[in-house]
Each structure stands twice: as structure tokens, then as C-alpha cells.
Amino acid sequence: MALKVLTALDHARTQYYHFKAIIIAGMGLFTDSYDLFCIAPVMKLIGRIYYGDARAGKPGVTPPAVASAMVAVALAGTVIGQLVFGFLGDRIGRRRMYGLSLLLMVASSFASGFSICRTRGCVLTSLCLFRFLLGIGIGGDYPLSATIMSEFANKRTRGSFIAAVFSMQGFGILASSAVTMAITAAFNRATERGDAGPLQTPESADLAWRIILMVGAIPAGLTFYWRIAMPETARFTALVEQNVMKATADMGKVLGGLDVHNFAEDAEALRRSPQPRPPSYGLLSRQFLRRHGWNLFACAMAWFLVDIPYYSSTLFQSQIYQPFFPRPEHVNAYQDAYNVAKFQAIIAAASTIPGYFATVYFIERVGRRRIQMMGFFFMGLFLFALAGPYDNYWNHHTNAGYIVLYALTFFFSNFGPNTTTFIVPAELFPARFRSTCHGISGAAGKVGAIIGAIGFLWASQARNKEDVASGWKPGIGMMNALIILAGVCMIGAVHTYLFTPETKMRSLEENEGGGSQDGDSHEDVDGEENKYSTPSPLSVQPLVGQSPLQSPG
């Protein structure tokens, strides 16, 4: 017996509340990317303020170790947030934890701007602390946003809706660049003096970077009320809390066309029928590994593989835009940060956002698996194109051709695995494990991000010590780093082909049991039910109050 309210959700027409949910959930991802990507120009300002020495004849630069630590603490916090909030989303409820993660992001964004004091050591220490807390909030938003959107959407447009939520990251990058450009331009105009050289950083610059960080809390704060006012998802209420009537009533308040009385028989059947003890296997049990272990491996490994080249390529930007802008010693602090933000805006508008839109449009037509394979393959192809002639040509002739190839890697990461790895974990697992498994997959991705953002940033440095900038150590060179990253992408394509199932046009309950990789057939060649088809939702409900991690017995 299948719950009619869930079947109705799968076939519900697309309506206003679906788009409202996209905005509510998307604002978290918008804030995530704003906070993660505004740190690059902020580090330019902090370097000028706290590491400047006009007598040296060069602008102050944040030491590589400090900049790396600032990135690493945020990503480490994200790993913890994804694991903790993912688990609590299944244990306590998606809606209850949703407001808490947003509140943590808002508070941490404001606190990052205040950073307590104005001495270098104190500012950097407190900034690292608040960026770590911000990372926890950001990490918590990933599994909750994806799970909530997947459980609200109908099966025809579920992939497009989750992709639309994730696409708000692109607008967050664009917004962080626009806000940084506006603030630095305004401060530059307000403090412009004829006798001030580019190496003299005005005291007001210490206020500018704080404002940039604090502005990131505004869009998230504006959606806080709507987050806490959202009803719990029907699947959590019906399948985990086992309250079918409440699930139906909640959905009837926000979605038109759902008549509570039409589904009363579900609750009556539950009340009258004998209640056998439902399976109580936990996440750490052999039964879970047998049923869902391969899917969890497929999601976690794909996310790990894509985040290595994605985050390392983001941090290569500083070496790519330099030939197109004046050297740092020829511009002041505001102009230097402005140029970094301007380049980020160009990449976001020209490649990142179009890549997200392409996924939204094609994902229900092409499928998650094919888009992920294609994205990995073309990311690797363009990284190989950058790597091959790097030492002999690109290193000395960085031009528009290089920028185009670089932008195409971002386009196919977003029209590819960077988006699909966010979608697939929200569709493959049972309701009582869905948020937890998404959090585990996302945490694996952020481990890859740390490897890419920190490891490859240092590894890409020149092999000759004389060619390495102050504070860096010799590495394997940019060409070798790009070749390794391209190889990682090709491994991702093969991994997707071997392990990632297709989930399009199937209900979440159908996806729980696996089935054909192409997602087009639910029956075997004899026309009988596939042995992997999902049991009835009523037969797999956990005991009320049962921990998703509790093992049987």
C-alpha cells in the first residue's frame, strides 16, 4: 500500500509554492557562495592593511599560509556542518534545523565583519573563528536545502527545481563581486587624495572589508521568517514521524489541489491494520550497506572528485587575471580588490551562471548521469588544453584564448558534476537517511575542496625556487598540477559511468530501491517486478523516535 499523499505530491502540478520554496532554499546557497567567494578580494585589503610597509616599495600581501588557513577553516567548518546538520535533519526534522543553520550563517557573517579588534593577530584569529562557525552554518544548509526541495517537488521537475536552488550560488558569486566593486569604488572616491600613492592604504580600508563581509548576512536574514514558517516536508512527517494526516494537512495549506479528506483512508488503514515491527536497520548496519552502500559510495566519491579541480581552479584565478590588470604596486588597496572582484564577476556572468541554467533546462531531458559524465569529460579536456602548452606558451602569453578555456572548465563543471552531485544524493536514499547521506556526500566533497584549495594551490607553484614569490615554497609547477586535475576529472567520468544510477522521472520511493541505471525501466524482461523495486512506504517506516543511526537489536 502506497501513501496517496506522496503519490499526489509526485504528480502535483507546478505551482506558486514550488517557486517560493526555490527562493527560500536558494537564499541559503546564495549566502554560501557570497561568503566563500568574497574572501579573495577581502584578503587583498587585509594584506594591504596589516602587512603593508611603504618603505619596502611593494604593497602588503597576506602571507600564503594565512590566506590558506582562512580558506581551510571555512571548508573544515563546512565538513562538520554537513555531517551534523545532515544527521539532525533526519533525527529532529528538516524544518527545525533549517532555521538554525540560517541563523548561524547570519550571526557568523556579522561577527566576521566585527572581528572584535584591530590588531593583526587578534583580527586574524577572530576572523578564522567566525569563518569556521560560518562554515558550519553553510555546511548545514547543503543537505537541508537539497532534501527539502526534493521532498516538496513533483517527480517531473524535481531535478530542475533542485538545480535551480543550487544555481543561486552563481548569483551569490555575482552579488559578492558587485558588492565588493561598489564598496571599494565608493571608498576609493571618498578617500581619493592627490598626494596619496598606491602604497599608502587609508585607515578607512579597515572598515571596507568588514562591510563587505557583513552585507552577506542581509539576503539570508530576509528569508529567515519564511524558513521557520515553512511546513515540515510530507515525506518526513509521513514516513519518519508516521503522521499521515498531519503531512496531508501541511501540504494542503501550501499546495493547491490537495484535499485532506481524500487521503483520510491512509490514516484509517494505518490505524486498523496490524502494525508489524518495521525494519530498524541503522546507517552503520550491514543491511544499510547492502541496500544503499554503493549509492552512498557513488555520491560521495563523485562529489569528492569534482571539488578537487573546481576549488583549485577557483584559486588559480589570481595567476590568470594578473596580465589583464595593472600590477598591484601601481594601484591602491581599493583598486586592487576591485580588480579581483571584477574578474570574478566576469567569470560568473560568462560561464558559471550559464552553466547552472543549462543544467536546469536539460537535466530532465538528458538525465543526471549523462550530464555528470559529460561535465567531467569536458572539464578534463579543457584542463588538458590549458596544461599541455602551459610552460612553453601560456606562461608567457596569457591571452583571451586562455581565459576562454578557463571559463569553459567552469561552464562544464556547473553544467555537469558540480550541480548533479548536489542533486543525486537528495533522490537516492530513504526518507530517514536522506539528509544524513546527503551530508556525508557533501562532506566528502569538501574534503576534496580542501585538497584542491590548499594542496593544489601550493603544489602549482614553480619548481625553481628563484621563480617562487615570497612566502611560497617550490611545487610541481602549474603544468603538472593542471595535468593531475585533468586526470581527476577523467576518473570522475569513469566513476560516474560505473557507479552512478539515473534518477530522473522516478519517485523518491522508487529510487530508494535502485533499479536500472538508465532509470527507464522498472520491470525485468519477463514483465515481473524488478527485485530491486522499492517496498511499500508503509513497510519501511522506522519506529517513532528511532534514531537513523541506531543498529538493529
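The table for this structure:
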read-out	value
Selection from 185, 201, 174 lying farthest towards where the dipole of region 173-250 points positive, charges on Cβ	174
Reach of residue 342 by Cα under 20 Å, taken over lysines that are not fewer than 8 positions away in the same chain	44
Expected-Rg normalisation [2.2 N^0.38 Å, Cα atoms] applied to region 141-186	1.58
Charged-residue dipole, Cβ positions (Lys, Arg, Asp, Glu), region 5-64 about Cα centre, Debye nearest 20	300 debye
Protection proxy ranking of 426-433, 447-454, 178-185, 200-207 - average other beta-carbon atoms within 10 Å, highest first	426-433, 447-454, 178-185, 200-207
Principal axis dimensions, region 370-499 - Cα atoms, whole angstrom, descending	56, 30, 23
Gyration tensor (alpha-carbon) shape descriptor, region 101-217, a/c threshold 1.5	oblate
Kirkwood Rh, angstrom, region 1-126 [1 / mean 1/r, Cα pairs]	18.1 Å
Cα lying deepest toward the dipole's positive end in region 430-498, options 460, 482, 436, charges on Cβ	436
Compactness index (Cα Rg / 2.2 N^0.38 Å), region 99-159	1.55
Within region 331-401: Cβ-based charge dipole about Cα centre, in debye rounded to nearest 20 (Lys, Arg +1; Asp, Glu -1)	400 debye
Label-point separation in nm, residue 156 to residue 11, each point 7 Å along Cα→Cβ	1.1 nm
From phi via Karplus (6.51, -1.76, 1.60), per-residue ³J(HN,Hα) for region 476-487 in Hz, x at Gly/Pro	8, x, 5, 4, 5, 5, 5, 5, 5, 5, 5, x
Rh by Kirkwood over Cα pairs, then Stokes-Einstein D for region 322-378 at 1.567 mPa s and 4 °C, µm²/s	93 µm²/s
Unit charges on C-beta of K, R, D, E only; dipole of region 111-242, Debye	220 debye
Computed lengthening from residue 325 to residue 297, 0.36 nm per intervening residue step minus Cα-Cα distance	5.7 nm
Residue-by-residue Karplus 3J(HN,Hα) for region 366-371, coefficients 6.51, -1.76, 1.60, Hz, glycine and proline x	8, x, 5, 4, 5, 5
Residues whose placed amide H lies under 5 Å from that of residue 461, excluding near-sequence neighbours	475, 476, 477
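Each reported figure results from applying straightforward, stated rules to the coordinates on display, with no laboratory input. This structure is a prediction, so every number in the text was calculated from the model and none was measured. Reconstructed Cβ throughout: ideal geometry from the backbone, glycine too, with neighbour counts over all protein chains shown.
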